[in-house]
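Visitor: Sharing a structure, written as structure tokens. Questions coming.
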Number of protein chains: 4
Amino acid sequence: MGKIQTVTLFADWEPTNDFKLGLKDVEGKLTYLGSQVWRNPELKIVEKEMPSIGSEEVLIKVKACGICGSDVHMAQSDDEGYVLYPGLTAFPVTLGHEFSGVVAKAGEKAINKRTGKKYQEGEAVCSEEMLWCGSCRPCADGYPNHCERLQESGFSCDGAFAEYIKVNARYVWSLEDLRENYDQNEVFLAGSLVEPASVAYNAVIERGGGIRPGDNVVILGGGPIGLAAVAILKRAGAARVILSEPSEVRASLGKKIGADYIINPLKENFTQRVLEITEGLGAKIYLEATGLPDKVFPDIEQTIWQGKQINSVVIVVARSAKKIPLSGEVFQVRRASVVGSQGHSGHGTFPRVISAMASGMNILPLITKRISLEEVPENITLLQTSQEECKITAVLK
Amino acid sequence: MGKIQTVTLFADWEPTNDFKLGLKDVEGKLTYLGSQVWRNPELKIVEKEMPSIGSEEVLIKVKACGICGSDVHMAQSDDEGYVLYPGLTAFPVTLGHEFSGVVAKAGEKAINKRTGKKYQEGEAVCSEEMLWCGSCRPCADGYPNHCERLQESGFSCDGAFAEYIKVNARYVWSLEDLRENYDQNEVFLAGSLVEPASVAYNAVIERGGGIRPGDNVVILGGGPIGLAAVAILKRAGAARVILSEPSEVRASLGKKIGADYIINPLKENFTQRVLEITEGLGAKIYLEATGLPDKVFPDIEQTIWQGKQINSVVIVVARSAKKIPLSGEVFQVRRASVVGSQGHSGHGTFPRVISAMASGMNILPLITKRISLEEVPENITLLQTSQEECKITAVLK
Amino acid sequence: MGKIQTVTLFADWEPTNDFKLGLKDVEGKLTYLGSQVWRNPELKIVEKEMPSIGSEEVLIKVKACGICGSDVHMAQSDDEGYVLYPGLTAFPVTLGHEFSGVVAKAGEKAINKRTGKKYQEGEAVCSEEMLWCGSCRPCADGYPNHCERLQESGFSCDGAFAEYIKVNARYVWSLEDLRENYDQNEVFLAGSLVEPASVAYNAVIERGGGIRPGDNVVILGGGPIGLAAVAILKRAGAARVILSEPSEVRASLGKKIGADYIINPLKENFTQRVLEITEGLGAKIYLEATGLPDKVFPDIEQTIWQGKQINSVVIVVARSAKKIPLSGEVFQVRRASVVGSQGHSGHGTFPRVISAMASGMNILPLITKRISLEEVPENITLLQTSQEECKITAVLK
Amino acid sequence: MGKIQTVTLFADWEPTNDFKLGLKDVEGKLTYLGSQVWRNPELKIVEKEMPSIGSEEVLIKVKACGICGSDVHMAQSDDEGYVLYPGLTAFPVTLGHEFSGVVAKAGEKAINKRTGKKYQEGEAVCSEEMLWCGSCRPCADGYPNHCERLQESGFSCDGAFAEYIKVNARYVWSLEDLRENYDQNEVFLAGSLVEPASVAYNAVIERGGGIRPGDNVVILGGGPIGLAAVAILKRAGAARVILSEPSEVRASLGKKIGADYIINPLKENFTQRVLEITEGLGAKIYLEATGLPDKVFPDIEQTIWQGKQINSVVIVVARSAKKIPLSGEVFQVRRASVVGSQGHSGHGTFPRVISAMASGMNILPLITKRISLEEVPENITLLQTSQEECKITAVLK
């Protein structure tokens, strides 16, 4: 079947003293605690065998694949050489999980959810990154984001910084709807954003309960997830979308993508500004997408406390090990709540994100730089230090 | 205090033989079954005393008031002279309940929900039409649209086709938010549409459960409620808003206000068209706003049956005495449901409609004709026969 | 591996003239429209090969299996010899899908949802009957009851009126929790009721939205589903559980299982009685489990109309081809809704039913007769004419 | 009209230096910050005028009234003589807000929500303590527990440690349903518990979203609210109701009222015990009713983290000024949330609590001591130091 080019991450299995092999870990191969095991990460362009597919799988010719923060953290190491990424990993692995492409081949039982029939060659598609098992209790109950036996594309099995990738059809979603409003290239660029946009959608719509047209929202943090949330909540009818983000580059992207107001939390008083903008009301949704919850939560709470809005929901989507100091009384008096959010699968999220994109929600501005597959390693390295770019995306022929 | 001009409806209390005075009816004065009691309706321009307000009331100088279908039916009679409107009525009464104006005077306890303080003179406002009691069980439980002791502005007490109207502050909502994006006149025109738009909002958002961005919706019937629903659901992020409406005038208004597709159900196959437009999916929401449920329901059901969409909700907002023939199996296999909807009060609906209008949801095209207070009677009569206009609105100085 | 005894249904593939082979039908073997194809059904005790399992499957030694109404309809024919059951069928097939047993063998990847590890021999288990694919859009979205590629145990693949059955572990649920409060035999009898109880649970809790403690409910129809719903809603804190059922045998079972009041709809005025019992309020939930929706719906509607309760939900769980005549105004004025319900899978239903049974919800009285595997055919035949028994259950050693 | 006996709290208006008169405070009379203003509290038996009622009010002859923790804190002072109770207060005031009685007289518009007609003399009733305005935005939107212009019976206006009390009929609920299952005295004892039980019901059912039959729950803290929650959740079908409470007296009351398991958090490892009892699952609801959230929250979090249950909700109902240290990751990985809860009004809570009590939910064991009106002062004082009793209730002739 020939060979394919890939961007593969290598690292050494050298567990720290603290590490204990977990029940689902595999000695020398796979762990749920990456940063305690993997040392000396190295990115290489490597040739691999063309994947051969099973009866429920599709082979996808990759057309676009974006670099995610976790790609950066897998390839980045601390002072002792351990990778920064703390989660599920099995190296060496082809990186890349925010991708789109066209179906090159499909197994006999590889069903296209759009048509109910076997995938056809040439169908534009994207895929979930979370390979949920479909059989554990959370999966059976309808919560695949909390699968007990998750595998992850580009983390624990080969990803999409490659010419081809194979995926079980259950994780694949058609992008054909995008063709009407996007040109040939844009279809795949937009398609590569479906995954991160679905993380944002899961956070604000599924976990946060969404909004009703006319509600106000505040997004804290203008990374790709925060910015996608800006676009989604604007689309959902938010009256005032407020983005709190100190970087001017990100703030200007936010404006382009749907934010009505920008707050620079380093220069302005967050609470005062939110209350000014909302005429004393405050917001229905506060999305914590900064990764600094200990820093921003007191401001959020103060705004909820002083504003007249009841039923506010604070959604914590960014990961952080920091404790969040919560004042029960604020949440009692204002009938507020806090929810944690993870993942992008299930709940009709992927197809709705695609449908929203197809009908006018344009988040292409998130992609600020296009590169070739060969340029992926250097750009992953670049992102370890630079915040100039938002999403850097490899485009393949 | 001086006199004010009003458009008042007179009629004779001549109960039919079938009529039995209800528990809450008042002999010669008020009934819950208008069409069985009132005969020989007559619209007159009448001078009345300036209303004097209580401590919780505001006096509103009316700036705009639209003609509603129920105004038409109250003034229209059948072959035996009985009015067509079947509901709560107490004649003679000043008509008019879709209105806006400015506060001319406020009682000591007339609190502005926007500020939490007493209403100030000059505040732009509109009002609910449903004067819920706040004390019966549905009201106490949070369902004022189902108040057991409802009074209705412009039906059972004096309405807003008048220079001034008094209303308890609890029903009044500030329009000040509109001033930023609407000019002086438009503020009040838009404000007079808040009431009908809230009927639509209550139907599709509160009762229908709303949508998630990317869902498809179908609105059947392009009257003011159906058209407002078009705008609201577009605002809520619907991917494809489909309006089924035979009149070209209405269809073109629909397009202007947010419909992506129009179906002419008299010329096209409804089910086939919906499935074509949605690529075989169908819609999450079907709004029955035609008043002909027996005619359109089989089409809706067929579309649900043939489409792949599960969890569809059919919302019945238009009133009709016709039985709806429902096939249980369709609703079982497609996990669908039917809900009835009435009213516009409670659930944060009025303030959210105003907020949505203030931030970009423009439904001013619904108003196709502007008239003076004096022209109201002839235009109410006109609407008995003509469907040329959508909303005819009296503008006062 | 040896042989096993089974109760197998044979029939001839003789499609009627109206029948058209569907997309997912298989000529001579499988159809989605049983009653248009299968003729001359015959039940036989047949020996088959012991099933051999795949890596995700478990082999279950059957301990108890109840006869369901659909078993009866598959074996029963009309005047022209066609079977009565209208749905998915592939004959010859071993019948039986309401069952429990113990794990005899498990594949390497056959994970026990209770422990997160491979199934152990001897684990008491039951299984869903609906073999959802886990990959189509409804499955991926979390709605396995609406799977587009459903197979059904005991309908389109071999069921549990047999000494052994194999099932993919994803459909299997542990009954170990029952051991504390049920004796050795009861564990399996109770376990065989989990499937029908889950159909009821899905209807009233998942689809009907459940109740809050203190609400009233009405169940129409005292078959196994209706009776299980009685027990579930009593358990959920219903203040007054009213069962409408003409048969005295069923009514008395209803009382035993949790009904507070019985209405005999053939002798009493349904609406009047419900309003008497509920002191004029009516019910939050009306479960249509009679299969005669055209007959009972007008009574339900009248009760909703006359009662003070708002937000009533009518759940249609019994199958019927009859049209239901719905009055929109009733559902508008009373803020009511109608939902269709099918299936028992997903939404955490099976494990919660088991947990409820384990902690005190006893529905064993539903089983009114215990038989051996050999007696299954004659008892299926018996149920074609007799309504004396509720659930007849085969008990295996 | 004669005189009535009351238990009245007197205190001196001596604001601390930090105190600033709030917008809604009234100099010398009423404040929202009791503990910063009132000094030298003194309880006296005082004779007052029989209240005279307005047209929407009822005069209630009090039959039972329980002592609440806030009664204790209003009468208790710190080292400098300031009362401990921090909230809305207007002294002198008759204390008492957990009460029941019979209607002695009713205004013309004092409507009984049970009948839809004017209250009759002799009707057994109880009342909400929160006198929501019905006109501010939270009230209009359906959230009376968050009324912006709240008054409170027994705090800012005369309460029910008195022979008679007057209340606006909108806050009054009939207890007639209790007569069937409770004897003459018990009706009023049970009725006096409706208010605290409604605080618990609002927390676990309205704010916490309730449970589905078969879910597990953990209540932390066996005060009256925690214990009422035990009874309510048992009633709602909880499989395992676990009460964490160090006092043996309270624990034994918990058992009597519905707890299946008791944890003594001072002697046992909370997380380990919960996971043992629930076989590794954990609970759907954790109710923080201890007032020590900083102490118990880490245990709750650890249990959520180690258990397999997803979608847990932590409800904070007890008031505390302490910060709660929240780990975002736990709430992300386990799809969990935290909600604050306050109040007992709205959402159909009072009538459902009464209905649940009427049909079998017996929380009378909460009342461990019955006293006369004259004994109220000494028992309020007793409760400042003793935890022997749960609810002490004054019984009037």
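Visitor: Rg to Rh ratio, segment A:91-181, alpha-carbon atoms and Kirkwood radius?
Guide: The Rg/Rh ratio comes out at 0.98.
Visitor: Please give the total accessible area that chains D and A bury against each other, computed with a 1.4 Å probe and expressed in Å² to the nearest 100.
Guide: The contact between A and D buries close to 3000 Å².
Visitor: Please list the three semi-axes, largest first and in whole Å, of the ellipsoid equivalent to segment C:1-50, using sqrt of 5 times the eigenvalues of its alpha carbon gyration tensor.
Guide: The three semi-axes for segment C:1-50 are 27, 13, 6 Å.
Visitor: Along Cα→Cβ at 7 Å, what distances in nm separate the B:Ser252 label point from those on the other copies, shortest first?
Guide: Reported distances to equivalent positions: 4.3, 7.5, 8.5 nm.
Visitor: Can you tell me the relative contact order of segment A:149-299? Whole percent, Cα pairs under 8 Å, sequence separation 6 or more.
Guide: Over segment A:149-299, the number comes to 20 percent.
Visitor: For chain B, list log₁₀ I(q)/I(0) at each q in 0.09, 0.12, 0.13, 0.14 Å⁻¹, using the Debye formula over Cα point scatterers of equal strength and ignoring solvent, two decimals each.
Guide: Relative scattering, expressed as log10 I(q)/I(0), comes to -0.53, -0.95, -1.11, -1.27.
Visitor: At q = 0.18, 0.21, 0.22 Å⁻¹, what log₁₀ I(q)/I(0) does a Debye calculation on the Cα points of segment D:315-397 give, no solvent, two decimals?
Guide: -1.06, -1.10, -1.11
Visitor: On to the next question. Using the Karplus curve 6.51 cos²θ - 1.76 cosθ + 1.60 with θ = phi - 60°, what ³J(HN,Hα) values do you get for each residue of segment B:259-266, in whole Hz, with x for Gly and Pro?
Guide: Whole-Hz 3J(HN,Hα) from phi for segment B:259-266: 5, 8, 9, 10, 10, 9, x, 7.
Visitor: Other chains near B:339-348: what is the mean number of their Cβ atoms within 10 Å of each residue's Cβ?
Guide: 6
Visitor: Can I ask one more? Between A:Asn40 and D:Asp18, what is the label-to-label distance in nm when each label sits 7 Å out along the Cα-to-Cβ direction?
Guide: 6.0 nm
Visitor: Report, please, the projected area of segment C:163-316 averaged over directions, based on the convex hull of its C-alpha atoms, in nm².
Guide: 10.6 nm²
Visitor: Placing the label point 7 Å from Cα along the Cα-to-Cβ direction, what are the distances from C:Phe10 to the equivalent spots in the other copies, shortest first, in nm to one decimal?
Guide: Nearest first, the other copies' label points are 6.6, 9.0, 10.0 nm away.
Visitor: If I take all pairs of Cα atoms in segment D:227-299, what percentage of them are more than 17 Å from each other?
Guide: Value for segment D:227-299: 40 percent of Cα pairs lie more than 17 Å apart.
Visitor: With +1 on each Lys and Arg Cβ and -1 on each Asp and Glu Cβ, how big is the dipole of segment C:183-295 about its Cα centre, in debye rounded to the nearest 20?
Guide: With only Lys, Arg, Asp and Glu charged at Cβ, the dipole is about 160 debye.
Visitor: Treating only the Cβ of Lys, Arg, Asp and Glu as charged (+1, +1, -1, -1), what charge dipole size does the protein assembly as shown show about its Cα centre? Round to the nearest 20 debye.
Guide: 0 debye
Visitor: Tell me the mean residue ellipticity at 222 nm calculated for chain B from its helices only (DSSP H runs of n ≥ 4, each -39500 (n - 2.57), averaged over every residue, nearest 500). Don't skip to the answer; put the middle values down first.
Guide: Details: 11 runs with 96 residues, N = 397.
It lands at -6500 deg cm²/dmol.
Visitor: Assume the label is 7 Å from Cα along Cα to beta carbon: what separations in nm does C:Lys295 have to the matching positions in the other copies?
Guide: Listed shortest first, these distances are 3.5, 6.2, 7.1 nm.
Visitor: Now a separate question. Is there a pair in A:Lys24/A:Lys44; A:Lys29/C:Lys166; A:Lys118/B:Lys267; C:Lys284/D:Lys391; A:Lys24/A:Lys284 whose C-alpha atoms are over 30 Å apart, and which pairs would that be? It would help to have the intermediate numbers written out before the result.
Guide: Working: A:Lys24/A:Lys44 28 Å; A:Lys29/C:Lys166 33 Å; A:Lys118/B:Lys267 35 Å; C:Lys284/D:Lys391 33 Å; A:Lys24/A:Lys284 40 Å.
The pairs that break the limit, which is 30 Å between Cα atoms, are A:Lys29/C:Lys166; A:Lys118/B:Lys267; C:Lys284/D:Lys391; A:Lys24/A:Lys284.
Visitor: With the contact rule set at Cα under 8 Å and sequence spacing of 6 or more, what percent relative contact order holds for chain D?
Guide: Relative contact order comes out at 17 percent.
Visitor: In segment C:202-219, what residues drop by 10 Å² or more in accessible surface going from the chain by itself to the full protein assembly, probe 1.4 Å?
Guide: C:Ile205, C:Glu206, C:Arg207, C:Arg212, C:Pro213, C:Gly214, C:Asp215
Visitor: Kindly give the semi-axes, whole Å and largest first, of the ellipsoid equivalent to segment A:12-137, taking each as the square root of 5 times a Cα gyration tensor eigenvalue. Write out the running numbers ahead of the final one.
Guide: Working: eigenvalues 211, 61, 31 Å².
Over the Cα atoms of segment A:12-137, the semi-axes work out to 32, 17, 13 Å.
Visitor: For C:Asn181 and D:Ser247, what does the FRET efficiency come to when R0 = 35 Å and r is the distance between their Cβ atoms, rounded to the nearest 0.05? Mind showing how you got there, number by number?
Guide: Numbers: r = 29 Å, r/R0 = 0.83.
Calculated value: 0.75.
Visitor: Another question, if that's okay. In Å², what does the accessible area per residue of segment C:236-330 work out to with a 1.4 Å probe?
Guide: Ligands and nucleic acids excluded, the figure is 38 Å² per residue.
Visitor: Note down the nm distance, to one decimal, between modelled labels 7 Å out along Cα→Cβ at A:Ser52 and at C:Ala321.
Guide: With each label placed 7 Å out from Cα toward Cβ, I get 5.1 nm.
Visitor: If I take all pairs of Cα atoms in segment B:242-355, what percentage of them are more than 23 Å from each other? Mind showing how you got there, number by number?
Guide: Working: 2171 of 6441 pairs.
Result: 34 percent of Cα pairs exceed 23 Å.
Visitor: Once you keep just the Cα pairs under 8 angstrom separated by 6 or more residues, what percentage relative contact order results for segment B:51-194?
Guide: 33 percent
Visitor: Please identify which residues in segment C:14-56 have an amide N closer than 14 Å to a label point set 7 Å out from the Cα of C:Thr115, following the Cα→Cβ vector.
Guide: Taking a point 7 Å out along Cα→Cβ of C:Thr115, no residue of segment C:14-56 has its backbone N under 14 Å.
Visitor: Based on the Kirkwood radius over alpha-carbon pairs, what is the Stokes-Einstein translational diffusion coefficient of the protein assembly as shown at 20 °C with 1.002 mPa s viscosity, in µm²/s?
Guide: In µm²/s, the coefficient rounds to 62.
Visitor: Could you look at segment D:7-164 and say what percent of its accessible area is carbon and sulfur, using a 1.4 Å probe and all protein chains?
Guide: 46 percent
Visitor: Ignoring any ligand, DNA or RNA, what whole percent of the accessible area of segment B:206-263 comes from carbon and sulfur when the probe is 1.4 angstrom?
Guide: Details: 690 of 1430 Å².
Exposed carbon and sulfur together represent 48 percent of the surface.
Visitor: On a full-extension model of 0.36 nm per residue, what is the gain between D:Thr385 and D:Thr368, subtracting their alpha-carbon distance, rounded to one decimal in nm?
Guide: 4.5 nm
Visitor: With only alpha-carbon atoms in the gyration tensor, what are the semi-axes of the equivalent ellipsoid for segment C:200-269, in Å, largest first? Present the calculation step by step, with values, prior to reporting the outcome.
Guide: On the way: eigenvalues 75, 28, 21 Å².
Output for segment C:200-269: semi-axes of 19, 12, 10 Å.
Visitor: In whole angstrom, note down how far apart the Cα centers of segment A:1-73 and segment D:37-104 are.
Guide: Each part reduced to its Cα centre gives a spacing of 68 Å.
Visitor: Of B:Lys295/C:Lys323; D:Lys63/D:Lys255; A:Lys308/B:Lys113; D:Lys234/D:Lys295; A:Lys323/C:Lys113, which sit over 20 Å apart, Cα to Cα?
Guide: D:Lys63/D:Lys255; D:Lys234/D:Lys295; A:Lys323/C:Lys113
Visitor: Ignoring ligands, DNA and RNA, what accessible area per residue does segment B:9-104 give at 1.4 Å, in Å²? Don't skip to the answer; put the middle values down first.
Guide: Numbers: 4170 Å² over 96 residues.
Per residue, segment B:9-104 has 43 Å² of solvent-accessible surface.
The values are calculated or read from the model by the stated rules, or taken from the named source; none is laboratory data. Note that the coordinates shown come from a computational prediction; the quantities given were computed from them, not determined experimentally. Neighbour counts are summed over all protein chains in view; Cβ atoms, including those assigned to glycine, are modelled from backbone coordinates with ideal geometry. Each accessible area value is taken on the protein alone, full model and side chains, heavy atoms only, with ligands, DNA and RNA left out. Shrake-Rupley method; radii C 1.70, N 1.55, O 1.52, S 1.80 Å.
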